[in-house]
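These notes concern the structure reproduced below.
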Amino acid sequence: MQVTRDFSHYVRDAGAGLQHIDLAVEGVHCAGCMAKIERGLSAIPDVTLARVNLTDRRVALEWKAGTLDPGRFIDRLEELGYKAYPFETESAEVAEVAESRFLLRCLGVAAFATMNVMMLSIPVWSGNVSDMLPEQRDFFHWLSALIALPAAAYAGQPFFRSAWRALSAKTTNMDVPISIGVILALGMSVVETIHHAEHAYFDAAIMLLTFLLVGRFLDQNMRRRTRAVAGNLAALKAETAAKFVGPDEISQVPVAAIYPGDIVLLRPGERCAVDGTVIEGRSEIDQSLITGETLYVTAEQGTPVYAGSMNISGTLRVRVSAASEATLLAEITRLLDNALQARSRYMRLADRASRLYAPVVHATALLTILGWVIAGASWHDAIVTGVAVLIITCPCALGLAIPTVQTVASGAMFKAGVLLNAGDAIERLAEADHVIFDKTGTLTLPDLEVMNAADIPADVFELAGRLALSSHHPVAAAVAQAAGARSPVVGAVEEAGQGVRAVVDGVEIRLGRPSFCGAEAQVGSVTLDPEASIVAFSKGTEKFILTVRQGLRPDAQAVIAALKARNIGIEILSGDREPAVKAAAHVLSIPEWRAGVTPADKIARIEELKRRGMKVLMVGDGMNDAPSLAAAHISMSPISAAHLSQATADLVFLGRPLAPVVAAIDASRKALHLMRQNLWLAIGYNVLAVPVAISGIVTPLIAAAAMSGSSILVMLNSLRARSASREIV
Amino acid sequence: MEILVILVPLALMLGGAGLVAFLWSLRSGQYDDLDGAAWRAIADDEPPQEAPVKR
């Protein structure tokens with residue numbers, strides 16, 4: 001049977017006879033990797049561009065159309081030691097990138113305008129106390145207006161648009177007071193300039209926009225980055241399937257290019273990427289990712305299989321009933337939708353702050369105007385003082401308080417092996433006080449481990465590992481990995497559903513079911529572990545039994561202890577059988593556990609805890625966990641999780657240890673603390689500055705100094721979030 | 001004070017030049033990979049004896 005790989009779905013035309021593909025690459029961390037990959041790929045003839053993006057962990061490749069097969073790049077990267085996956089940019093990510101660039105352009109315009117207006121303002125400020133002629137001052141004011149007005153009209157767009165949207169929807173947000181403040185400040189300054197007045201606030205208005213755009217850009221940039229991570233994760237899931245393109249010819253194609261009615265081949269050791277029905281073949285399948293159940297299910301003609309199931313022993317032909325986006329169990333989808341709706345009701349800290357902020361500020365400004373009029377001032381003077389209050393209270397530091405901390409904290413978490421999938425994840429994670437763990441794949445490692453390798457002579461074990469290389473069975477893969485086997489045994493024959501055999505130095509060796517190796521007698525001698533699978537190995541007349549199971553993550557016990565030390569409640573909710581869950585709970589000394597739980601039960605449990613006022617952190621990996629991940633206050637998934645769960649989880653952690661869970665909680669708690677502190681700093685500054693503004697003695701110089709002073713203070717405070725990730729467990 | 005006739009346009013021109021340079025750098029994708037750019041600056045040049053590399 002011929003297998004080809006078809007990447008045409010991902011290749012796009014770059015014009016001028018060139019073709020372009022984006023690859024997501026695993027394990028690119030440093031300059032060395034970057035240079036190695038770029039040189040390695042550029043050395044292929046006809047490649048015109050090979051550029052690594054270290055921020056997004058991607059490679060952009062261009063080559064002369066029709067000369068190369070994209071599969072060759074992936075093979076070349078494999079040779080260099082990197083796993084690469086073709087990558088399709090989601091439309092949401094394209095929008096984020098465009099938005100990010102727009103904000104940066106606005107920021108550039110505002111920053112340059114600020115610098116130039118400042119250059120004109122400082123002579124005016126110093127001229128006011130020395131010998132500047134009124135005509136010269138007017139000239140400088142007009143020049144400032146010439147720069148500031150068009151710059152504000154352009155760079156203020158993000159705020160004006162958002163404020164307009166909020167007002168049309170009859171609500172208010174942080175951008176409403178910002179827009180009102182900026183427009184009033186600019187308008188008043190123009191009027192004052194026309195009347196040859198001493199003070200104009202062009203500098204304050206444009207500087208305010210600059211600082212706010214910095215905050216807005218940082219916030220957007222973090223969102224863009226998390227989106228890029230999510231996009232890469234989707235690509236790394238390697239959602240491809242072997243589709244029959246002829247009676248005897250199969251092609252490895254991306255799931256996006258598979259349609260209902262197609263027939264795909266599912267080989268042993270492969271994970272199914274589609275929903276469908278078995279039309280030919282017989283095998284055992286592992287549905288633990290979908291149901292949490294670790295016992296294998298027998299699949300034969302007519303058995304439905306779901307995306308995420310692992311095929312264990314035999315080869316299956318599957319007729320696709322739903323592909324790509326539709327590959328979900330209906331029940332899970334429905335639960336997921338409900339849960340996601342509930343979550344969008346969460347209100348971010350910044351929104352809560354602004355909801356309080358706007359009415360207070362506007363009321364203060366209005367009272368100032370009325371107060372001065374009653375005190376006998378002219379309407380003109382009263383309005384000027386009122387606008388000065390608006391300018392000085394504009395939420396400059398408030399706009400920076402949260403994004404700066406988020407940017408620094410997400411960088412620190414990234415270093416600790418935690419990727420953010422949602423922008424407000426930090427705030428919600430910091431509030432978590434109860435953790436629910438799924439067992440399979442979360443507390444335990446997703447791959448199998450040989451438990452009794454120490455009981456078997458090293459040379460025998462090595463031989464078993466080499467033999468295991470010839471099989472696709474996941475148990476065999478575990479044996480091969482545990483033995484560190486590199487070179488397969490020559491002439492090994494796999495018997496479907498039985499095992500592998502070969503002849504070495506005239507002695508027959510077999511690896512597989514105990515019956516296949518004639519080792520039934522030895523099975524009883526091994527202590528029965530409810531979760532373990534048993535595989536036998538025979539070399540001539542010598543027989544050995546290997547037990548293989550999913551081991552706990554290496555630091556699971558330490559992490560559970562660390563969580564308890566932080567006064568966080570812990571429980572296990574698993575779809576697996578009771579003995580298996582009980583054993584794990586016992587080892588980890590977690591008193592609260594439930595086994596055989598359905599997705600709906602998991603949600604019910606979370607709702608119950610919510611009603612008791614607990615903020616639940618759900619850590620899970622299976623497709624059956626996806627709805628509960630969405631229902632929980634905050635959720636985390638390991639990188640090995642089912643695609644759907646990973647897309648739903650707020651955070652994703654990398655690697656084998658469980659420690660990132662604790663590290664993320666610590667980092668986010670510290671970050672939330674700093675955010676609150678920043679908000680208080682910003683409010684404290686307002687409390688000091690507002691009386692000065694109300695009294696009417698504010699000059700543009702005071703406004704500018706106060707604004708930049710408070711912003712810098714807040715930014716410096718945010719940098720303290722950097723040290724958050726240092727102490728793990 | 002006639003010096004203003006020269007200084008003010010000069011200042012505006014310099015500011016404008018800076019802005020144009022920034023917008024150009026933005027458009028040519030120089031802010032797309034800030035992490036990578038930091039490393040590229042200190043990367044060694046390609047050794048000349050390697051196979052000819054197409055750019």
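Laboratory data are not the source of any read-out in this text; all were calculated from the coordinates shown. Since we're looking at a predicted model, the values are computed, not measured. Note: ideal-geometry Cβ built from the backbone for every residue, glycine included; neighbour counts use all protein chains shown.
Hey, what does the equivalent ellipsoid look like for the stretch A:96-252, semi-axes from the Cα gyration tensor as sqrt of 5 times each eigenvalue, largest first, whole Å?
Numbers: eigenvalues 505, 57, 25 Å².
Each semi-axis is √(5λ); the values are 50, 17, 11 Å.
In sequence order, what are the phi-derived ³J(HN,Hα) couplings for the stretch A:474-480 according to the Karplus relation 6.51 cos²θ - 1.76 cosθ + 1.60 with θ = phi - 60°, rounded to whole Hz, with x for glycine and proline?
Once rounded to whole Hz, the list reads x, 5, 5, 4, 5, 5, 4.
Where a Cα-Cα gap under 21 Å defines reach, which lysines qualify for A:LYS582, not counting those fewer than 8 residues away within the same chain?
Within reach: A:LYS439, A:LYS564, A:LYS602.
Counting every Cα pair in the protein assembly as shown, what percent are over 42 Å apart?
Tail fraction, whole percent: 44.
Helix A:396-415 sits at what angle to the longest principal axis of chain A, using alpha carbons and giving 0 to 90 degrees rounded to 10?
So the helix axis and the longest Cα principal axis differ by about 20 degrees.
Can you tell me the orientation of helix A:330-343 relative to chain A, as the angle in degrees between its alpha-carbon axis and the longest Cα principal axis, to the nearest 10?
20
If I fit a long axis through the Cα atoms of helix A:700-718 and take the longest principal axis of the Cα atoms of chain A, what angle between them do I get, 0 to 90°, rounded to 10?
20
With viscosity set to 1.567 mPa s at 4 °C, what whole-number translational diffusion coefficient in µm²/s follows for the stretch A:480-616 from Stokes-Einstein and a Kirkwood radius over Cα pairs?
Details: Rh = 18.6 Å.
Approximately 70 µm²/s, per Stokes-Einstein.
Name the long-range amide H neighbours of A:ILE570: under 5 Å, sequence gap of 5 or more, or other chain; modelled H, no Pro or chain starts.
HN-HN under 5 Å from A:ILE570: A:VAL435.
Among A:480-486, A:565-571, how do they line up by average Cβ neighbours within 10 Å per residue, starting with the highest? Kindly include the intermediate steps, with their values, before the conclusion.
Numbers: A:480-486: 16.9, A:565-571: 14.1.
Ranked from most to least packed, the peptides come out as A:480-486, A:565-571.
Can you list the lysines whose alpha carbon is less than 20 Å from that of A:LYS36, not counting same-chain residues fewer than 8 positions off?
A:LYS83, B:LYS54
For B:30-37, what's the mean count of beta carbons from other chains sitting within 10 Å of each residue's beta carbon?
6
Would you list which aspartates and glutamates come within 16 Å of A:LYS670, measuring only between C-alpha atoms, while excluding same-chain residues fewer than 8 positions from it?
Answer for A:LYS670, where 16 Å is the Cα cut-off: A:ASP424, A:GLU427, A:GLU431, A:ASP433, A:GLU727, listed by chain and number.
When the C-alpha atoms of the stretch A:412-561 are aligned to their principal axes, what extent does each axis show, in angstrom, from largest down?
65, 31, 27
May I ask you to derive the FRET efficiency for A:LEU133 and B:SER25 from their Cβ-Cβ distance with R0 = 35 Å, giving the value to the nearest 0.05?
Efficiency, rounded to the nearest 0.05: 0.30.
Quick query: amide H of A:GLY269 versus all other amide H atoms, modeled in the peptide plane; which residues come in under 5 Å with a sequence gap of 5 or more or a different chain?
Amide H to amide H, under 5 Å and 5 or more residues apart or across chains, A:GLY269 pairs with A:ASN311, A:ILE312.
Which whole number gives the average count of other chain Cβ atoms within 10 Å of the Cβ atoms across peptide B:4-13?
Across the residues of B:4-13, the mean count of other-chain Cβ atoms within 10 Å is 2.
Over chain A, calculate the relative contact order: mean separation of alpha carbon pairs under 8 Å at least 6 apart, over the residue count, as a percent.
Across chain A, relative contact order equals 13 percent.
From the phi of every residue in the stretch B:13-25, what ³J(HN,Hα) in whole Hz does the Karplus formula 6.51 cos²θ - 1.76 cosθ + 1.60 yield, where θ is phi - 60° and glycine or proline is x?
Working through the residues one at a time gives 5, 5, x, x, 4, x, 5, 4, 4, 5, 5, 5, 5 Hz.
State the three equivalent ellipsoid semi-axes of the stretch A:583-729, derived from the C-alpha gyration tensor as the square roots of 5 times its eigenvalues, in descending order and whole Å.
Semi-axes from the Cα gyration tensor: 45, 18, 14 Å.
With only alpha-carbon pairs counted, each pair once and no self-pairs, how large is the Kirkwood hydrodynamic radius of the stretch A:1-134 in angstroms?
Taking the inverse mean of 1/r over all distinct Cα pairs, the stretch A:1-134 comes out at 18.4 Å.
Using a 10 Å cut-off around each Cβ, can you sort A:LYS543, A:LYS582, A:LYS670 from fewest to most neighbouring Cβ atoms?
Taking fewest neighbouring Cβ atoms as first place, the list is A:LYS582, A:LYS543, A:LYS670.
Going by average Cβ neighbours within 10 Å, how do the peptides A:205-213, A:372-380 rank, with the highest at the top?
A:205-213, A:372-380
Determine the calculated [θ] at 222 nm for chain A from helices alone, applying -39500 (n - 2.57) to every DSSP H run no shorter than 4 residues and normalising by the residue count; nearest 500 deg cm²/dmol.
So the helix-based figure for chain A works out to -16500 deg cm²/dmol.
How big is the gap, in Å, between the Cα center of the stretch A:365-421 and the Cα center of the stretch A:571-608?
If we compute the Cα centre of each part, the gap is 48 Å.
Evaluate peptide A:45-58: per residue, the Cβ atoms of other protein chains within 10 Å of its Cβ; return the mean as an integer.
Mean partner shielding for this stretch: 4.
When N counts the residues of the stretch A:29-79, how does its alpha-carbon radius of gyration compare numerically with 2.2 N^0.38 Å, as a ratio? Walk me through the numbers before you get to the answer.
Values: Rg = 10.7 Å, N = 51, 2.2 N^0.38 = 9.8 Å.
Cα Rg divided by the expected 2.2 N^0.38 Å: 1.09.
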